[in-house]
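Right, I'll just put the structure down here and ask away after.
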Amino acid sequence: MLISHNGFGQFEVHYSDLLQGAYEEILKLNFEKASALIDQSKVEEPNNLAYLHLENYIDFFHLFIYEDIVYFNRVKRKKEERLNLLEELSDTDPFKNFIKAEINLHWALTRSKFNELFKAGREIYTAYRLLEENTKSFPNFIYNYKSLSIIHSLVETISVPGVFKNIFGMSGSIEQGLAEILKVNDYADRSPFMFELEAEAIYVFMALYQDNNQSLAFEFLEKSKLNKDNSPLAAFVKVKLLQRTGKNDQAIELLLETLSFTSARKFPYLYFLMGVSHLRKLDIESISYLHEFLDHFNGLHYIKEAHQKLAWANLIFYQDLAAYDSHMLACVAKGNALIDDDKQALREAKKNLTPNATLLKARILFDGGYYQKAYQMLITNSELLFQNNALKLEYYYRLGRVTQALKNYPEAIQYYFLTIGVDPEQTSYMSCNAVLNLGIIYESQDEIDQARKYFHQCLSMEPSEYEQSLHQKARSGLNRLQKK
């Protein structure tokens, strides 16, 4: 199927049947099959440069999933080679700037995995500029908005790379990003669009993580083609949404189905997600899945968190303090601390404090969406209040989180105020998150002034853990309030 044809020069861009087939294999993580189809395209369609886009997709997904530093160092030079080849296209071809922007955005997201944040910032700005220029020259070219939606939504909430926002005048908002990606999805409902599943995944993640609208994300997913796709990447999107919305049993069912055709070598992170889901159900099966992940993953992230979760599992299932200590030592020694969950795991390991098993179980059950079980566990163990301030702080905080999830807002507000009172120095992430959640509760009740007050208070606090993510959520809350 011919999507674009450039009649002004030797080279052109069109996503032929061969290349559409390659893209489908990429989404299934069948990179060898995809590469074979791309190679066939080079022979049969020697003037078609669309293959450069697909080759970059392979590198992007390979690096994003496996975090292979050797592969990263070997293929990153290909970025400039691909961009140089794309210069052969006519400036009248809208795919020229679109593919150049996509390549830059792919590499920016990849570099963030390897902590090359300055280069990532430059690439995000380059992608932004190319896409903004393309929308002026080709305002009806729907492909522009797939990637531009991501950048516009990130500009509002992500402080890095703030220097590029300020110096180069980057602008955007979550609302703008959602509108743009919805425009793409509406187009895909009416016309053939190769990147339809990807656009749907972008919308789900944007609604879930940036707009904090779980119901919107879930309603969209229920109607989308993503929900009918059996690829491991589609399963990844669905599982993250199910876990985030407290549907842990459904996440386990979907993962069981997906792992029946996806090996740990192909997508080890799915085994990590399965281990976490089983742990949240207080199921001992979590241990084998977490070990499977560690045995097959050679990347940078989630190693520390996996050892932390194994430490927890050995503590709550076996009361094995030696195994707990062993995994916490591995948490310090192995992996990297570049993302929040790994940073938190490392901080916990360095504290060298064994958590209270009851509070830990309540925390784990809450994370799995088993709110009533967590509530009962806490209420029947109120003697924890009389031991020390650290346990009292966590006890009130856990009750606040659980009662908020149960929509018992008056009780949740009471427990959050008690949490803040136990932490007068406001150094704990628990008191900071209590303040943030007070803002969220008041926002849900349309008490705008109160909500704004607590979002600002959250931003004024400097917790020892999770500061970046808590402040990002507070900024997102303030941005939502501006639209009400």
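Just need a number here: residues in the range 335-379 that are assigned to a helix (DSSP H, G or I) and out of contact with any His (no Cβ under 9 Å at 6 or more places or on another chain).
Qualifying residue count, the range 335-379: 28.
Determine which single condition Leu378 fails, assuming it passes every other condition in (1) surrounded by fewer than 21 Cβ atoms within 10 Å (Cβ to Cβ); (2) under 29 Å from Leu242 (Cβ atoms).
(1)
Picking from Tyr71, Tyr66, Tyr15, Tyr57, which residue would you name as being in contact with a Gly (Cβ under 7 Å, 6 or more places away or on another chain) and at pLDDT 95 or above? Walk me through how you get there before you give the answer.
Working: Tyr71 fails: in contact with a Gly (Cβ under 7 Å, 6 or more places away or on another chain); Tyr15 fails: in contact with a Gly (Cβ under 7 Å, 6 or more places away or on another chain); Tyr57 fails: in contact with a Gly (Cβ under 7 Å, 6 or more places away or on another chain).
After ruling out the rest, the residue left standing is Tyr66.
Yes/no matrix, rows are residues, columns are (1) of a type outside the set (A, V, I, L, M, F, W, C); (2) in contact with a Pro (Cβ under 6 Å, 6 or more places away or on another chain); (3) surrounded by fewer than 18 Cβ atoms within 10 Å (Cβ to Cβ); (4) at pLDDT 95 or above:
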| residue | (1), (2), (3), (4) |
| --- | --- |
| Gln387 | yes, no, yes, no |
| Ile420 | no, no, no, yes |
| Pro424 | yes, no, yes, no |
| Asn433 | yes, no, no, yes |
| Glu447 | yes, no, yes, yes |
| Lys453 | yes, no, yes, yes |
| Glu467 | yes, no, yes, no |
| Gly477 | yes, no, no, no |
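How about the range 394-418: which of its residues are among the aliphatic types (A, V, I, L, M), in a helix (DSSP H, G or I) and either surrounded by fewer than 16 Cβ atoms within 10 Å (Cβ to Cβ) or touching a Gly at 6+ places or on another chain (Cβ under 9 Å) (or both)?
Result: Ala405, Ala412, Ile413, Leu418.
Then there is this: Only one of (1) charged (D, E, K, R); (2) within 26 Å of the chain's Cα centre (by Cα); (3) within 30 Å of Asp342 (Cα to Cα) is not met by Arg77, so which one is it?
The one condition Arg77 does not meet is (2).
Of all residues in the range 199-227 being acidic (Asp, Glu) and more than 14 Å from the chain's Cα centre (by Cα), which is nearest to Gln250 (Cα to Cα)? It would help to see each step written out before you state the result.
Our first condition is that a residue be acidic (Asp, Glu); within the range 199-227, this holds for 200, 211, 219, 222.
If we keep only those that are more than 14 Å from the chain's Cα centre (by Cα) as well, we get 200, 219, 222.
Working: Glu200: 20, Glu219: 15, Glu222: 13 Å.
My answer is Glu222.
Could you check the range 192-242 and list, in sequence order, the residues that are modelled with pLDDT of 90 or more and in contact with a Gly (Cβ under 8 Å, 6 or more places away or on another chain)?
Within the range 192-242, just Met206 meets the criteria.
Tell me yes or no: at least one residue of the range 433-445 is closer than 25 Å to Glu175 by Cβ and part of a loop (DSSP other than H, G, I, E, B).
Taking every residue of the range 433-445 in turn, at least one turns out to be closer than 25 Å to Glu175 by Cβ and part of a loop (DSSP other than H, G, I, E, B).
Looking at Arg122, Arg129, Arg111, which is the one that is among the charged types (D, E, K, R) and within 17 Å of the chain's Cα centre (by Cα)? Walk me through it before giving the result.
Working: Arg122 fails: within 17 Å of the chain's Cα centre (by Cα); Arg129 fails: within 17 Å of the chain's Cα centre (by Cα).
Going through Arg122, Arg129, Arg111 in turn, just one is among the charged types (D, E, K, R) and within 17 Å of the chain's Cα centre (by Cα): Arg111.
If you take the residues of the range 72-89 that are in contact (Cβ under 8 Å) with a residue 12 or more places away in the chain and part of a helix (DSSP H, G or I), which of them is surrounded by the most Cβ atoms within 10 Å (Cβ to Cβ)?
Leu86
Which of the residues spanning the range 300-334 are within 24 Å of the chain's Cα centre (by Cα), at pLDDT 95 or above and part of a loop (DSSP other than H, G, I, E, B)?
His301, Tyr302, Lys334
A further question on this structure: State which residue is farthest from Asp68 (Cα to Cα) when the search covers only the range 277-299 and only residues that are assigned to a helix (DSSP H, G or I) and among the acidic types (Asp, Glu).
Looking at residues that are assigned to a helix (DSSP H, G or I) and among the acidic types (Asp, Glu), I get Glu292.
Then there is this: Could you grab me the full set of residues in the range 320-377 that are of a type in the set (Gly, Ala, Ser), touching a residue at least 40 places away in the same chain (Cβ under 8 Å) and over 20 Å from Lys281 (Cβ atoms)?
Once the filter is applied, which keeps residues that are of a type in the set (Gly, Ala, Ser), touching a residue at least 40 places away in the same chain (Cβ under 8 Å) and over 20 Å from Lys281 (Cβ atoms), the range 320-377 yields Ala345, Ala349.
On the given criteria, is Thr427 assigned to a loop (DSSP other than H, G, I, E, B) and touching a residue at least 12 places away in the same chain (Cβ under 8 Å)?
Yes; evaluated as a whole, the condition is true for this residue.
Restricting to the range 174-202, give me the number of residues that are in contact (Cβ under 8 Å) with a residue 40 or more places away in the chain and assigned to a helix (DSSP H, G or I). Please lay out each step first, then the result.
We begin by selecting, within the range 174-202, every residue in contact (Cβ under 8 Å) with a residue 40 or more places away in the chain; these are 174-175, 183-184, 187, 192-195, 197-199, 202.
Filter once more, so that each one left must be assigned to a helix (DSSP H, G or I): 174-175, 183-184, 187, 197-199, 202.
So the count comes out to 9.
Same structure, new question: Can Lys361 be described as surrounded by fewer than 19 Cβ atoms within 10 Å (Cβ to Cβ) and among the basic types (Lys, Arg)?
No.
May I ask you to say which residue of Ala50, Ala36 is at negative phi, touching a helix residue (DSSP H, G or I) at 6+ places or on another chain (Cβ under 9 Å), of a type outside the set (D, E, K, R) and surrounded by 19 or more Cβ atoms within 10 Å (Cβ to Cβ)? Talk me through it step by step, then tell me what you get.
On the way: Ala36 fails: surrounded by 19 or more Cβ atoms within 10 Å (Cβ to Cβ).
Checking each option against the conditions leaves just Ala50.
Sort out which residues of the range 285-342 are surrounded by fewer than 17 Cβ atoms within 10 Å (Cβ to Cβ), under 30 Å from Glu116 (Cβ atoms) and polar (S, T, N, Q), and write them in order of number.
If the condition is that a residue be surrounded by fewer than 17 Cβ atoms within 10 Å (Cβ to Cβ), under 30 Å from Glu116 (Cβ atoms) and polar (S, T, N, Q), then Asn298 is the only one that fits.
The values are calculated or read from the model by the stated rules, or taken from the named source; none is laboratory data. Being a predicted model, the structure only gives us computed values, none of them experimental. Note that each Cβ is placed from the backbone with ideal geometry, even for glycine, and that neighbours are counted across all protein chains shown.
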